Amino acid sequence: MMTATLAAGSLLLTVGCGNVPNDVPRATAMSPNPDHAVTSTIVATGGTSSPTAPATGPSPTRPKGHTINTHKVRWEKAKPTRDGRKIKVIWWSGVEPCTVLDHVKVRETSKRVTITLYEGTAANARDVACIEIALQKTTTVKLKSPLGKRKIVDGARS
């Protein structure tokens, strides 16, 4: 009787899973009999077989000031604009209000531009529970004179 039930179930799965597009994911489950695998197909409703991807790229932010536990933060990238008058700084951070950009210090010399990011916790977030998740953020700084051939340096690394 068990063999007949498994055979009938396998036949239904085979017929039911006929022509499924390649972009539809398949899931495999274990059968009570280890010699037989049971395969089923997951078919999404609503016209698509894959979820919508979240927006990518760093989240733009501006200095807010007045944070507590303010400290230097290392940045990952610094990209000058075409005219060299602004620099887009990208770094990894946490969620607000637990991790907030306090201020940015820019020091310009004839050979280098040193950019230092300072983050802290918003003063009104003292009793807030914070999740620990990494977010990529960006801020743009203006230079007094175009970057030219000057080197961009992370002030938190020096």
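Laboratory data are not the source of any read-out in this text; all were calculated from the coordinates shown. The structure displayed is predicted, hence computed values, not measured ones. No Cβ is skipped: glycine too gets one built from the backbone with ideal geometry, and neighbour counts run over all protein chains shown.
Would you be able to tell me the number of residues in region 84-110 that are under 13 Å from H71 (Cβ atoms) and over 18 Å from the mean Cα position of the chain (by Cα)?
Count: 3.
Considering (1) of a type in the set (G, A, S); (2) touching a Phe, Trp or Tyr at 6+ places or on another chain (Cβ under 7 Å); (3) free of Cβ contacts under 8 Å to residues at least 24 places away in the same chain, say which one A129 fails and leave the rest.
If we test A129 against (1) of a type in the set (G, A, S); (2) touching a Phe, Trp or Tyr at 6+ places or on another chain (Cβ under 7 Å); (3) free of Cβ contacts under 8 Å to residues at least 24 places away in the same chain, just (2) comes out false.
Tell me which residues, restricted to region 65-114, are of a type in the set (D, E, K, R) and closer than 18 Å to A134 by Cβ.
K72, R74, E76, K77, E96
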